[in-house]
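Read through the structure below, which is laid out as structure tokens, and then see the notes.
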Amino acid sequence: MDITKKDVELAGKLAHMHISEEESSLYEEQLKALFNWVQELSAVNTDGVTLTQTDLAAFVRSDVPVENEALAQELRNDFAAQENACAKVKKVL
Amino acid sequence: MMTIVQILKAVSSGEQTAEQITRAALAKIAELNPTINAFVEVFEQDALAQAKAVDEKRSRGEKLGPLAGVPVAIKDNILYKGHKATCCSKMLANYVASYTSTVVEKLLAADAVIIGRTNMDEFAMGSSNQTSVYGPVKNPVDTERVPGGSSGGSAAAVAAGMVPLALGTDTGGSVRQPASFCGVVGVKPGYGRISRYGVIAFASSADQVGVLAANVQDAALGLEVLSGKDTHDSTSLDAPVPAYTQHFTPDLKGVKVGLPKGFLDGLYEDIKLRLDAAAEQLKKLGAEMVEVDVPLAKYSAPCYYIITSAEASSNLGRYDGIRYGYSAQEAPDLNAYYLQSRALFGLEVKKRLIIGTYALTSQRYEECFLKAMKVRELIRQDFKKVFENVDVLLTPTSPTTAFRLGKWGKNPLSLYLADLYTCPGNIGGLAGISVPYGKDKKGLPVGVQFYGPILQEEKILNAAYHLEKSL
């Protein structure tokens, strides 16, 4: 599988990570080796294989709001500041 | 360090107090940790308070829990309210858990004493414990060598006699491989046996909490306390938890042990010698050895690296400086904010995130991710078929014994292949145990591994118990 520095940079961008020139060269080599190894999977015939589907609805709780002021306060206590019964977080930008 | 069985007897009889046992563990940690680096934090005051509470409970004549007074170490990716959980990463350097994981709740309910958090590969990504921000762990058997990983701190803590029981997590062998390198027992139960609630996620479809102990019986006692359905984890299985130690049989008569022959080609001589010796011993103990074919097992490792990296790229997306993780101090815009915040990941973590992200791009999704998922499905079917004919499988735990610190080639494949025999357990969701079975020519421990079907941990524990006893 042909992996280039451009691929590494694209993946870095999608993953919101800065990849330095040095890292890019290192990862390019390592990803080439890894993805060539992964190509061994192409020897396995997967025609007709369907992936097990999970019925998510069976695991998701009903969407009913629950009021629990004690728990809410406990959660707010994890934050350094609170205001109007809300947790106050620092300004990002 | 006393075994769990000895501690339980001593505490319940009053021969020793939980406080004495805890102080002995703390003294051992103080003596050895500067060399071994197994613990990244010791919860001395909390541990002593818990031990005293156990002693008070006993003096009031109350019933003690199944791990009363047993010092237990937890890996640094397991949450314990009010305590740091950093995944040994700069990214979470100041993270303090706001709730307690189910496994720690269960330990506390069992009257265990939580003694501290152990070193690990950053975000559990590694097989040598060399990617921790706290520095590498040294193998107590030979401090020039790695303890394995990613639960290297937990394995080393048990091997050095600091604690009789430690929790690890196993996504591709991270409990069993360090157990093998350090000469202790490591169990990864089948997927869903133990709750993952409060365990920092790496790859959710493969992560499992496991136990490390000095012997099989202790590991079984730990596993029994931790197993069971948890309403906080929808993937935990609703099935009764057996009293594992009650399932130890007098011998192995009637037990069928499979040897997956094609999967064992090209083994190093020392490892092969120990595996053959184990097979011979099992026969003497009454087991029937059967050659089996698991033709696709050899593809587990490449599947593992694609699937777990892809899942990690999603799971670790939360470390953006807003939801979790280090927050950039001065960034001109949102993109710069993300880039600066996420720059704190180490090299190995970054690489896995790049692998995972790349495997999920529209360009590579079908060829890489979807293909790996389909092969995984076939591997699972392979194992299901095999376990219709045998009770357990016998394999090496690792292709090598503990290697030297700093042996860290640029080609990642050599290190990735370290997980060759352990990955199938996570890809197939199987129960697996590594048990020490002798040493190589250099005197380093060699572990052999038993695999069993999901929800049949008692079978692998029983086989390992007999093999251990026969040494």
Checking B:Gln6 against (1) polar (S, T, N, Q); (2) surrounded by fewer than 24 Cβ atoms within 10 Å (Cβ to Cβ); (3) closer than 15 Å to B:Gly116 by Cβ, which single condition isn't satisfied?
(3)
Name the single residue, out of those in the range B:25-52 being surrounded by fewer than 16 Cβ atoms within 10 Å (Cβ to Cβ) and not charged (D, E, K, R), that is farthest from B:Glu122 (Cα to Cα).
B:Ala49
Is it true that B:Tyr358 is without any contact (Cβ under 8 Å) to a residue 40 or more places away in the chain and touching a Gly at 6+ places or on another chain (Cβ under 7 Å)?
no
Restricted to the range A:76-87, and to residues that are within 14 Å of chain B (Cβ to nearest Cβ) and under 19 Å from B:Gly321 (Cα atoms), which residue is surrounded by the fewest Cβ atoms within 10 Å (Cβ to Cβ)?
A:Ala80
Positions within the range A:2-23 being facing another protein chain (nearest Cβ under 9 Å) and part of a loop (DSSP other than H, G, I, E, B), in sequence order:
A:Ile3, A:Ala15, A:His16, A:Met17, A:His18, A:Ile19
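To keep it simple, each residue is scored yes or no on (1) modelled with pLDDT under 90; (2) touching a Cys at 6+ places or on another chain (Cβ under 7 Å); (3) within 30 Å of B:Gly82 (Cα to Cα).
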| residue | (1), (2), (3) |
| --- | --- |
| A:Asp7 | no, no, no |
| A:Ala15 | no, no, no |
| A:Glu21 | no, no, no |
| A:Glu28 | no, no, no |
| A:Val38 | no, yes, no |
| A:Thr46 | no, no, no |
| A:Gln53 | yes, no, no |
| A:Phe59 | yes, no, yes |
| A:Glu74 | yes, no, yes |
Can you name every residue in the range B:343-363 that is within 8 Å of another protein chain (Cβ to nearest Cβ) and not in a helix (DSSP H, G or I)?
B:Phe345, B:Thr361
Pairs please, first residue from the range B:441-454 and on the phi > 0 side of the Ramachandran plot, second anywhere and surrounded by fewer than 24 Cβ atoms within 10 Å (Cβ to Cβ) and modelled with pLDDT of 95 or more, Cβ atoms under 9 Å, 6+ apart in sequence or on different chains.
B:Gly443/B:Val141; B:Gly443/B:Asp142
Identity of the residue in the range B:296-327, in contact with a Leu (Cβ under 9 Å, 6 or more places away or on another chain), more than 9 Å from every other protein chain (Cβ to nearest Cβ) and in a loop (DSSP other than H, G, I, E, B), that ends up farthest from B:Val386 (Cα to Cα):
B:Tyr326
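The values are calculated or read from the model by the stated rules, or taken from the named source; none is laboratory data. It should be emphasised that the depicted structure is a prediction, and the values quoted were computed from it without experimental measurement. Cβ atoms come from the backbone with ideal geometry, glycine included; neighbour counts cover every protein chain shown.
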